Amino acid sequence: MIDTSFLHDEKYSYTEKELLFCQYYVKTNKGADSAIRAGYAEGSAHVRSSRLLKSEKIVTLIRSIRSEIEGSLRAYFMSDAMVAREIVKEIMEDREVSPAIRLQAAKDMLDRAGFKAVEKQEVQSNQSITVVEFNIPKPSKERAT
């Protein structure tokens, strides 16, 4: 049986095929392929996947799986980000590294912290502006008969 301990919604129960379909679908976003890999008949895979993806309980499970994956990835990336921050900090503080590289490390650190300097942009134009006026007569109040 597939581990569903991360599911917080006890509202639905799932078959083994539904669980497999959802896991394959989250990995590939290919309905028919996921249905086949989950054990549904190849000849009806398109129809089966379409029906599954319209089911509230299947959509709920797919969202739960994606949420679990995103949470795990976020935790891994946070850990990696802390290591990367320490490396950049070491470069920035290393007196044996050239000042240009130390400055770039400091800018990178500030940039990633949300303190990126405003980039200067100059705009030059040699275009002239032409004003066009239209002399459109107002309609007369007389009615044509």
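The values are calculated or read from the model by the stated rules, or taken from the named source; none is laboratory data. Quantities reported herein were computed from a predicted structural model and do not represent experimental measurements. When we count neighbours, we look across all protein chains shown, and the Cβ atoms used for this are built from the backbone with ideal geometry, even at glycine. Just the protein is used for accessible areas: all its heavy atoms, side chains included, with ligands, DNA and RNA removed. Shrake-Rupley method; radii C 1.70, N 1.55, O 1.52, S 1.80 Å.
A few comments on the model shown:
- For the chain: rounded, prolate or oblate by the Cα gyration tensor [a/c cutoff 1.5]: oblate
- Residue 111/residue 136 FRET efficiency (R0 35 Å; Cβ-Cβ; nearest 0.05): 0.05
- Once the C-beta distance of residue 51 and residue 76 is scaled by a Förster radius of 30 Å, the resulting FRET efficiency is 0.30 to the nearest 0.05.
- Here the calculated FRET efficiency for residue 120 and residue 86, from their Cβ-Cβ distance with R0 = 25 Å, stands at 0.20, rounded to the nearest 0.05.
- Once exposed loop trypsin sites (Lys or Arg not before Pro) are cut out (DSSP; at most 16 other Cβ, 10 Å), longest piece of the chain: 31-94
- Computed accessible area, residue 33, all protein chains, 1.4 angstrom probe, square angstrom: 80 Å²
- Number of Lys-Lys pairs in the chain with C-alpha atoms under 27 Å apart and a separation of 8 or more places or on different chains: 17.
- Taking all Cα pairs closer than 8 Å and separated by 6 or more residues, the relative contact order of the chain comes to 13 percent.
- Per-atom-type breakdown for the chain gives carbon and sulfur 53% of the accessible area (1.4 Å probe, protein chains only).
- Solvent-accessible surface (1.4 angstrom probe) belonging to residue 111, in square angstrom, nearest 10: 60 Å²
- Spin-label pair residue 32-residue 15: with each label point 7 Å from Cα along the Cα-Cβ axis, the two points sit 2.1 nm from one another.
- Chymotrypsin sites (Phe, Trp or Tyr not before Pro) lying in DSSP loop within segment 66-145, provided at most 14 other Cβ fall within 10 Å: 115, 134
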